[in-house]
Amino acid sequence: MAKSQSVRVAASRVLLKLWRSIAFSIRLLWNLILALATEERCRLCTRYIDILGWLNEVTAADTVSPAYLEHLNATSAAICHTCWHSLLLNKPIVSRYSVDDTKQLHVYSGIGYTESMKTLVRRFKYDKDLLLTKPFCSLLLREGTNIERADNLILVPVPLHWRRKHERGYNQSALVATAIGKQKQIPVVEKALSRRKMTEPQNKLTKEARQDNLTNAFRGNEKLLRNKNVVLIDDVCTSGATLLECTREIYRCGASSVLGLTVARAVLIHQEVENAEPIDR
Ligand SMILES: [Zn+2]
């Protein structure tokens, strides 16, 4: 009796192992087909993502690690395993700006604006590479960029002027905000803030021109902003001037609090930034 039971246990173990290896082979084959069919390559090193990623894992262990599956989920196969991990070596950054005498704006950025990030942001903004939405969302929500649960919490993307949005076809910050809203179950209120002026890129202007460029550039919707705790979302924070101007308008419309979240933060060395004191962490 005991003998037949142990035979059954051994047989079921063998079957389980067999099933696991069959399932693994099917997934490997599926990824191979997928990679060849879509020709999806890493946006940074241009190697095929799935083939290399999966084969690397096969050599590392005989089962696919949960960490790798998580990685696939986070990047949706736009960035390979190796490049993703080297990106993550850059730590999140927190910056503080004075809104007025009593209020400060804290901006949490997932990563520094490195050369790799410049490449990715360029593809995201100008080449319609929307598969990067997921990895950008993951970078933005890294350790240190947690959004606190609060009543009346809303996500507001930094708006584009309607003409620029029409040219590009989308607002990149709104895409990231939507992905975060979905993940964290927080409403995204794109109409809470609009851009009235077609502003020039801030980095091409002098200090005076920069302030002039942004003055009255944004218009908030009081009905949508009153008593709200606002998380302002942008792709890259350069001098912080755009986020500050948006924050002032959001407070003018009666919001309770504002917090900034950006995917990347350009740490400027020679540029004067008024009222800004970036802190690395
Ligand atoms: Zn790569």
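Only a single item in (1) closer than 22 Å to TRP84 by Cα; (2) among the small types (Gly, Ala, Ser); (3) at pLDDT 70 or above is not met by SER21, and it is number (1).
Annotation: LYS228 fulfils all but one of (1) among the basic types (Lys, Arg); (2) within 24 Å of ALA209 (Cα to Cα); (3) crowded, with 21+ Cβ neighbours inside 10 Å; the unmet one is (2).
Of the numbered criteria (1) under 21 Å from the mean Cα position of the chain (by Cα); (2) at pLDDT 95 or above; (3) surrounded by fewer than 12 Cβ atoms within 10 Å (Cβ to Cβ), the one GLU148 fails is (2).
Given the condition of a type in the set (A, V, I, L, M), touching a Gly at 6+ places or on another chain (Cβ under 7 Å) and either within 12 Å of the ligand (Cβ to nearest atom) or at pLDDT 65 or above (or both), answer yes or no: does some residue in region 80-93 qualify? Scanning region 80-93 turns up at least one residue that is of a type in the set (A, V, I, L, M), touching a Gly at 6+ places or on another chain (Cβ under 7 Å) and either within 12 Å of the ligand (Cβ to nearest atom) or at pLDDT 65 or above (or both).
Would you check if ASN221 is at positive phi, in the same structural domain as ALA150 (by TED's automatic domain parsing) and at pLDDT 95 or above? Against the criterion (at positive phi, in the same structural domain as ALA150 (by TED's automatic domain parsing) and at pLDDT 95 or above), ASN221 does not qualify. Within region 151-175, being surrounded by fewer than 15 Cβ atoms within 10 Å (Cβ to Cβ) and touching a Ser or Thr at 6+ places or on another chain (Cβ under 6 Å) holds for no residue.
The values are calculated or read from the model by the stated rules, or taken from the named source; none is laboratory data. Just so it is clear, the structure is predicted and the values come from calculations on it, not from any experiment. Please note: Cβ atoms are built from the backbone with ideal geometry, for glycine as well, and neighbour counts cover all protein chains shown.
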